[in-house]
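The values are calculated or read from the model by the stated rules, or taken from the named source; none is laboratory data. All of these numbers come straight from a predicted model, not from anything done at the bench. Positions of Cβ are backbone-derived with ideal geometry, glycine not excepted, and every protein chain shown enters the neighbour counts. These area figures cover heavy atoms from the full protein model, side chains too; ligands, DNA and RNA do not enter into them. Shrake-Rupley method; radii C 1.70, N 1.55, O 1.52, S 1.80 Å.
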Amino acid sequence: MTEQTGGGPLAGLRVVEFASVGPGPHCAMLLADLGADVVRIDREGGNGWANPIVDRGRAAITLDIRTEAGRAASLALTDKADVVIEGFRPGVMERLGLGPDVLRQRNPRLVYGRMTGWGQDGPLAQAAGHDINYIALTGALAAMGEPGRATLPPLNLVGDFGGGSMFLAFGLMAALWERERSGQGQVVDAAIVDGVTSMMTMFAGLMPSGRISVERGDSLLGGAAPFYRCYLCADGAQVSIGPLEPKFYAELLERIGAPDTLKADQYVQANWSQRAEQLAEIFAQRPAADWTAILEGTDACFAPVLELDAAPYHPHMRARGTHVEHDGLLQAAPAPRFSRTPGQLRGPRDAQAVLEGWT
């Protein structure tokens, strides 16, 4: 994929990103991929988390925002921006003279995005924390893992990116849409605890009726069901199965040669433990490549469990162009996809050229 100019559904959107870590940079990457002009304000020496993929598409400048000169330069940038993204603890930007009240008084159309874990207020707002702590408070972390064992954190996908950067991006787009009617910007308080709580609504809504549980021993989607989990194969690799529907479950059992005794009473939880052992024995008899040849592309709801460095080379991922080579790196293509104004990968951009366009 070669760099293009002027493309993407967000072409012309001006974004100032105060450098941070985790969800803020990921949100800025999403905006840049879809055509936004993102100018990142770095501090001298960076923050130790330079990432050639997540940081793509930005024009970076180095400013010490603790100084009067750095503050003045930042204000000059945000005066021309549509969006600001910052990820400091509540009150930090206000103490620096760069809080939303100051910036929006100068630029009333500015949408000011604030990315935190705990949110801008509440008893924990000033406490340090990370993804694992935020998802712990929402009920999501307790629902993950095996009964009787300490929870393993699901990387930082659920909090930082699922409940964080994605909700920040959604909030910014909603505020920009509203601005088209009111002519006014506003502050977007994107808290990971709020986002993950929203993500848990399917479970919260179905639990009272008994249709679903997040208890580890009987959680349908948490690994308790024998037909919705991963299994080790003869070569030590894993495969995933997820035939929730009876007709898909029947197809899986037929294709793997499972005994007829497994076919009835799929959702009777009393059978789950024993059936999981039986399925584990079956999958352990062949290497993952054999099961892939037997099950992939069928209605058995199957996929091999791939390592991160192997995922780009799977035939489906290659056919869709889910990964592309850019600047010598194999990396995720812009998502989601647009029929008329597709996103595009861009490498580091020249800050002076971008800012000249802003004038």
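Before moving on, here are some points about what is shown:
- For beta carbons closer than 6 Å, sequence separation of 6+ or different chains, a first residue in the range 205-221 that is more than 14 Å from ALA276 (Cα to Cα) and a second that is open to solvent by 60 Å² or more (accessible area, probe 1.4 Å), the qualifying pairs are ARG216/PRO147.
- Count of residues meeting criterion [part of a loop (DSSP other than H, G, I, E, B) and touching a Ser or Thr at 6+ places or on another chain (Cβ under 8 Å)] in the range 3-18: 4
- Long-range neighbours under 7 Å by Cβ, at least six apart or interchain, first residue over 21 Å from PHE302 (Cβ atoms) and in a helix (DSSP H, G or I) within the range 255-281, second at pLDDT below 95 and not polar (S, T, N, Q): GLN269/ASP218
- Subset of the range 130-174 [open to solvent by less than 20 Å² (accessible area, probe 1.4 Å) and over 18 Å from the mean Cα position of the chain (by Cα)]: ALA143
- Considering residues of the range 182-199 that are touching a Ser or Thr at 6+ places or on another chain (Cβ under 9 Å) and either outside any helix (DSSP H, G or I) or among the polar types (S, T, N, Q) (or both) only, the residue surrounded by the most Cβ atoms within 10 Å (Cβ to Cβ): ALA190
- Checked against the criterion of being under 23 Å from LEU13 (Cα atoms) and at pLDDT below 95, the candidates PRO108, PRO52, PRO100 yield just one match: PRO52.
- Given (1) open to solvent by less than 60 Å² (accessible area, probe 1.4 Å); (2) part of a helix (DSSP H, G or I); (3) modelled with pLDDT of 95 or more; (4) not hydroxyl-bearing (Ser, Thr, Tyr), number of the condition LEU355 does not satisfy: (3)
- Looking only at the range 282-293, and only at residues there that are part of a helix (DSSP H, G or I) and not hydroxyl-bearing (Ser, Thr, Tyr), the one that is surrounded by the fewest Cβ atoms within 10 Å (Cβ to Cβ): ALA293
- Leading residue by the ranking (nearest to the chain's Cα centre (by Cα)) among those in the range 49-71 that are more than 22 Å from ARG346 (Cβ to Cβ) and exposed (fewer than 13 other Cβ atoms within 10 Å of the Cβ): ARG66
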